[in-house]
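This report refers to the structure that appears directly beneath it.
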Amino acid sequence: MKIHEYQAKEIFRNFNIPVPRGKVAFSKQEACAIAKELGSFPCVIKAQVHAGGRGKGGGVKLASSIEEVEKIAGDMLNMVLVTHQTGPEGKVVRKLLVEEGLNIDREYYCSVVMDRSSEKIVIMVSEAGGMDIEEVAEKTPEKIIKVFIDPLIGIQGYHLRKAAFGLGFDKDVQRPCMGILKGLYSIFTKYDCSLVEINPLVLTKEKDLIALDAKINFDDNGLFRHKEILELRDIEEEDPLEVEASKYGLNYIKLDGNVGNIVNGAGLAMATMDLIKRAGAEPANFLDVGGGASAEMVENGFKILLSDKNVRAILINIFGGILRCDVLAQGVVSAAKKVGVHVPVVVRMEGTNAEKGREILLNSGLNLKTARDLKEAAQMIADITKDV
């Protein structure tokens, strides 16, 4: 789960990580009131959307007067902001962060992430702040310093010193830097985060270290432990179909293709999407109904696929284990009769009660095609979408 920058900065404040003074505004009148309260110019107006690259897309601007604040806020609110992370469809800007301007001397990058290969938490820092860290990693990887932390031991002083020293700070700046890094690590571990990032962390000409930006992503699997974090969720920033799927406990991610697919098991779902692409078609989604899915969950998954206007055909690929094939078939038939199937459907199922499941589909009166194996199913769906 993602949250907005202004929400992340509130969490930073609770962990004594310095951030600029500022508040969120939902109208140009509120933006002007916040600018007056800050009492100094220039101030920064930042679009609040769940995407990076806002500055390049026109979502971060400086204002040097109240009149400019009103003009910029009026133009920015309700605009469709397009960045390299939003895709060409962009995101609608519904709220703004109005902050004090800073007297910036240098910019740095700091983050805490999980490294799955080493099974450790990693502090990453770089003197190349303010840039896309992916670009830095590709072109100048030597500029990224990684400090690995065993989660069973936790963060120690030498971890903090190594990262702060790697950024080349003077002694009087190293201590506040270590405090910020410790705060980031504490946030990461307390709230089951997948990413905590500052880009950029700025050193002002007054020698203050301040988190100019803030980004926190949370592991959805840990949210049941953090009700206060779940309350920060902004469903307007999420795909409507993904929001709907989350209500039923479905693992659904919308993609850009035209072949909807329902699969039980994340690994099988990934393999199914690979085979769809290899056959010459494009998957429209990732949908894992899970090993213990009920007929109701399958029905809801089917409804979500049928409501996606980009879906031109559906591939159902089930290996019956905990989820029996007859249960899946009952869910598919129920959903199809309630919603109405307007696209071709190919079904491949094997495992527990597979024959019974095929019999249910055959006697349903629906126009369903069955495949003997996954390769045949993928080719059938690719041939169908070429003709649709």
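Output the residue which, of all residues in the range 371-388 that are assigned to a helix (DSSP H, G or I) and of a type in the set (D, E, K, R), is modelled with the lowest pLDDT.
From the range 371-388, those assigned to a helix (DSSP H, G or I) are 374-387; that's our starting set.
If we keep only those that are of a type in the set (D, E, K, R) too, we end up with 375-376, 383, 386-387.
Working: LYS375: 86, GLU376: 88, ASP383: 89, LYS386: 81, ASP387: 63.
Step by step, filter the range 371-388, then rank; the result is ASP387.
Pick from ASN221, ASN217, ASN251: which is exposed (fewer than 15 other Cβ atoms within 10 Å of the Cβ), closer than 30 Å to ALA284 by Cα and of a type in the set (S, T, N, Q)? Can you show your working first?
Details: ASN217 fails: exposed (fewer than 15 other Cβ atoms within 10 Å of the Cβ); ASN251 fails: exposed (fewer than 15 other Cβ atoms within 10 Å of the Cβ).
Of ASN221, ASN217, ASN251, the one residue that is exposed (fewer than 15 other Cβ atoms within 10 Å of the Cβ), closer than 30 Å to ALA284 by Cα and of a type in the set (S, T, N, Q) is ASN221.
Within the set of pairs 6+ apart or on separate chains, which have a first residue in the range 204-227 that is in the same structural domain as GLY179 (by TED's automatic domain parsing) and more than 22 Å from ASP132 (Cβ to Cβ), a second that is loosely packed, with under 13 Cβ neighbours inside 10 Å and of a type outside the set (Asp, Glu), and C-beta atoms under 7 Å apart?
Every condition considered, the pairs that remain are THR204/ASN103; LYS205/ASN103; GLU206/ASN103.
Any chance the range 137-153 includes a residue that's of a type in the set (A, V, I, L, M, F, W, C), touching a Pro at 6+ places or on another chain (Cβ under 9 Å) and modelled with pLDDT under 95?
So the first thing to find is which residues in the range 137-153 are of a type in the set (A, V, I, L, M, F, W, C), and the list is 137, 144-145, 147-149, 152-153.
Now restrict to residues that are touching a Pro at 6+ places or on another chain (Cβ under 9 Å): none.
Scanning the range 137-153, I find no residue that is of a type in the set (A, V, I, L, M, F, W, C), touching a Pro at 6+ places or on another chain (Cβ under 9 Å) and modelled with pLDDT under 95, so the answer is no.
Within the range 132-154, does at least one residue satisfy the condition of being buried (at least 19 other Cβ atoms within 10 Å of the Cβ) and of a type in the set (Ser, Thr, Tyr)?
no
Taking the stated definitions as given, is PHE302 over 22 Å from the mean Cα position of the chain (by Cα) and closer than 17 Å to LEU374 by Cα? Walk me through how you get there before you give the answer.
Details: over 22 Å from the mean Cα position of the chain (by Cα): yes; closer than 17 Å to LEU374 by Cα: no.
When the stated conditions are applied, PHE302 does not pass them.
Any residue in the range 101-117 that is more than 30 Å from ILE149 (Cα to Cα) sitting within a Cβ distance under 8 Å of a residue that is modelled with pLDDT under 95 and small (Gly, Ala, Ser)? List the pairs, counting only those 6 or more apart or interchain.
Every condition considered, the pairs that remain are GLY101/SER40.
Just the residues that are surrounded by 20 or more Cβ atoms within 10 Å (Cβ to Cβ) and touching a Ser or Thr at 6+ places or on another chain (Cβ under 8 Å), please, taken from the range 188-209.
VAL196, GLU197, ILE198, ASN199 - these are the residues of the range 188-209 that are surrounded by 20 or more Cβ atoms within 10 Å (Cβ to Cβ) and touching a Ser or Thr at 6+ places or on another chain (Cβ under 8 Å).
Pick from VAL311, VAL347: which is free of Cβ contacts under 8 Å to residues at least 60 places away in the same chain, part of a loop (DSSP other than H, G, I, E, B) and either surrounded by fewer than 22 Cβ atoms within 10 Å (Cβ to Cβ) or not polar (S, T, N, Q) (or both)? Quick ask: steps written out before the conclusion?
On the way: VAL347 fails: part of a loop (DSSP other than H, G, I, E, B).
Residue meeting the stated conditions: VAL311.
What is the number of the single condition among (1) assigned by TED's automatic domain parsing to the domain that holds LYS162; (2) more than 23 Å from the chain's Cα centre (by Cα); (3) at pLDDT below 95 that ARG116 does not meet?
Of the numbered conditions (1) assigned by TED's automatic domain parsing to the domain that holds LYS162; (2) more than 23 Å from the chain's Cα centre (by Cα); (3) at pLDDT below 95, the odd one out for ARG116 is (2).
With the structure loaded, tell me whether LYS36 is surrounded by fewer than 17 Cβ atoms within 10 Å (Cβ to Cβ) and either aromatic (Phe, Trp, Tyr) or out of contact with any strand residue (DSSP E or B) (no Cβ under 9 Å at 6 or more places or on another chain) (or both) or whether it fails that test.
Values: surrounded by fewer than 17 Cβ atoms within 10 Å (Cβ to Cβ): yes; either aromatic (Phe, Trp, Tyr) or out of contact with any strand residue (DSSP E or B) (no Cβ under 9 Å at 6 or more places or on another chain) (or both): yes.
Answer is yes for this residue.
Can you name the residue in the range 43-90 that is among the charged types (D, E, K, R) and under 22 Å from ARG233 (Cα atoms) and, of all such residues, is surrounded by the most Cβ atoms within 10 Å (Cβ to Cβ)? So that I can check it myself, show each step before the final result.
Taking the range 43-90 and keeping what is among the charged types (D, E, K, R), we get 46, 54, 56, 61, 67-68, 70-71, 75, 89.
Still in the list and also under 22 Å from ARG233 (Cα atoms): 46, 54, 89.
Working: LYS46: 24, ARG54: 22, GLU89: 7.
Looking at the filtered set, the residue picked out is LYS46.
If ALA336 satisfies all but one of (1) buried (at least 21 other Cβ atoms within 10 Å of the Cβ); (2) modelled with pLDDT under 85; (3) not in a helix (DSSP H, G or I), what's the number of the condition it fails?
So ALA336 meets the others, but not (3).
Within the bounds of the range 239-259, is there any residue that is touching a residue at least 60 places away in the same chain (Cβ under 8 Å), outside any strand (DSSP E or B) and under 15 Å from the mean Cα position of the chain (by Cα)?
The answer is yes; a qualifying residue exists.
The values are calculated or read from the model by the stated rules, or taken from the named source; none is laboratory data. Since the structure is predicted, the reported quantities are computational estimates derived from the model, not experimental observations. Every residue, glycine as well, gets a Cβ built from its backbone with ideal geometry; the counts of neighbours run over all protein chains shown.
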